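Down below is the structure, laid out as structure tokens.
The values are calculated or read from the model by the stated rules, or taken from the named source; none is laboratory data. Predicted, not measured: the structure shown is a model, and the values here were computed from it. Cβ: placed from backbone, ideal geometry, glycine included. Neighbour counts: every protein chain shown. Heads up: the accessible areas ignore ligands, DNA and RNA and are worked out on the full protein's heavy atoms, side chains in. Shrake-Rupley method; radii C 1.70, N 1.55, O 1.52, S 1.80 Å.
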Amino acid sequence: MDIILVPGFWLDATSWEKVTPALEAAGHRCLPLTLPGLESKDASRAGIGLRDHIDAVVAEVDALGGKVVLVGHSGGGAIIHGVIDARPDRVTRAIYVDSGPLGEGGVINDELEADGDDIPLPPWGGFEDADLVDLDDSLREEFRARAIPQPKGVAYDPQHLHDERRFDVPATVIACEFPSAVLREWITAGHPFVAELARMKDAEYVDLPTGHWPQFTRPAELGRAILAAVDRTGA
């Protein structure tokens, strides 16, 4: 199975490097992506928006020609959901890593502070304590050294969706920062944060307790969780 891995904000394809070995050892082909504007710290991010990132992943899906599994971390969850909306017949499973599907009109995070076209990685004090669980000083230093400014438009642009067949695509949510029990409570209560997720016809929840960046804090476990989800798909 071809597995396309979409990183969250401030990260490129290399952020998946400790996650993919378990998938490749099982015979799957991994395609971790570096999205437009994330090629380097010096890359231009002018005019790059959410649709550009969605279209970049759609182009990868089209180039492969067959069925794919999509994995999206954090803001990458909104991106893969846009791809599913564009190509619902091509995605055999969506795997949301500490993320979820973003519904029509929603934005990933327009509260992040921008510097022109860029959103730099904020100071650690700008994150919730739950985000930073297991991200020790060494990992924080490594993350900040590799962090690339996020294109402002990707964070601020509204999501636009058109095809309700997106709800038919099986989904796995790997819950890290918030346990799956909390997500289920929010769905039951009709919380708008999970409104799109609540409409998924086949959604499963897997707990991987850690902070918001399991690809750094628990990469081997994340690889196994993704592999298990792919296996349950019958891929």
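Please state the charge dipole magnitude for region 19-141, taken about the Cα centre, from unit charges on C-beta atoms (+1 on K and R, -1 on D and E), reported in debye and rounded to the nearest 20. Provide the component values of the computation, followed by the final result.
On the way: 9 positive and 24 negative charges, 179 e Å.
For this selection, approximately 860 debye.
Bridges between two residues of the chain, per DSSP, are antiparallel at a rate of about 10%. Here the label points at Ala189 and Ser40, each 7 Å from Cα along the C-beta direction, are separated by 4.7 nm in the simple model.
Size of the dipole of region 134-225 about the Cα centre, Lys and Arg at +1 and Asp and Glu at -1 on the beta carbon, nothing else charged, in debye to 20?
Numbers: 11 positive and 16 negative charges, 41 e Å.
Its charge dipole is roughly 200 debye.
Given springs between every Cα pair under 10 Å in a Gaussian network model of the chain, which of Arg199, Arg45, Arg93 has the largest fluctuation? For the chain, modelled as a Gaussian network with Cα springs under 10 Å, the answer is Arg199.
Could you calculate the FRET efficiency of Asp115 with His162 from 1/(1 + (r/R0)^6), where r is the beta carbon distance between them and R0 is 41 Å, rounded to 0.05? For Asp115 and His162, the calculated efficiency is 0.80. The residue among Ala145, Val182, Pro122 whose Cα reaches farthest toward the positive pole of the charge dipole of region 49-193, with charges on the beta-carbon of Lys, Arg, Asp and Glu, is Val182. Lys67 to Glu24: FRET efficiency via 1/(1 + (r/R0)^6), r the Cβ-Cβ distance, R0 25 Å, to the nearest 0.05? Efficiency, rounded to the nearest 0.05: 0.85. Calculated from the alpha-carbon coordinates, the chain shows an Rg and a Dmax of 16.3, 45 Å respectively.
How large is the charge dipole for the chain, taken about the Cα centre, if only the Cβ atoms of Lys, Arg (+1) and Asp, Glu (-1) carry charge, to the nearest 20 debye?
Working: 21 positive and 40 negative charges, 155 e Å.
It works out to roughly 740 debye.
Which of the three applies to region 118-178, rounded, prolate or oblate, going by the alpha-carbon gyration tensor with a ≥ b ≥ c and a/c under 1.5 meaning rounded? Mind dumping the intermediate values first?
Numbers: a/c = 2.84, a/b = 1.57, b/c = 1.81.
Oblate, since a/c reaches 1.5 and b/c is not below a/b.
Ordering Gly49, Leu23, Leu5 by the projection of their Cα atoms onto the charge dipole of the chain, which places +1 on the Cβ of Lys and Arg and -1 on the Cβ of Asp and Glu, puts Leu23 at the extreme positive end.
The order of Asp202, Asp85, Asp118 by accessible area, most exposed first and with a 1.4 Å probe, is Asp202, Asp118, Asp85. Using a/c under 1.5 as the rounded threshold, could you call region 25-117 rounded, prolate or oblate? The axes a ≥ b ≥ c are square roots of the C-alpha gyration tensor eigenvalues, and prolate needs a/b larger than b/c, oblate otherwise. Prolate, because a/c is 1.5 or more and a/b exceeds b/c. For Lys41, the aspartates and glutamates whose Cα falls under 13 Å of its own Cα, not counting residues fewer than eight places away in the same chain, are Asp12, Asp117, Asp118. When a 1.4 Å probe is rolled over the protein heavy atoms, the share of accessible surface on region 78-165 that falls to carbon and sulfur comes to 44 percent. When shorter helices are ignored and each DSSP H run of at least 4 residues is given -39500 (n - 2.57), the per-residue value for the chain at 222 nm works out to -9500 deg cm²/dmol. Within the chain, the whole DSSP H helices whose Cα atoms reach 18 Å or more along their own axis and whose mean Kyte-Doolittle score is at least 0.5 are 50-64.
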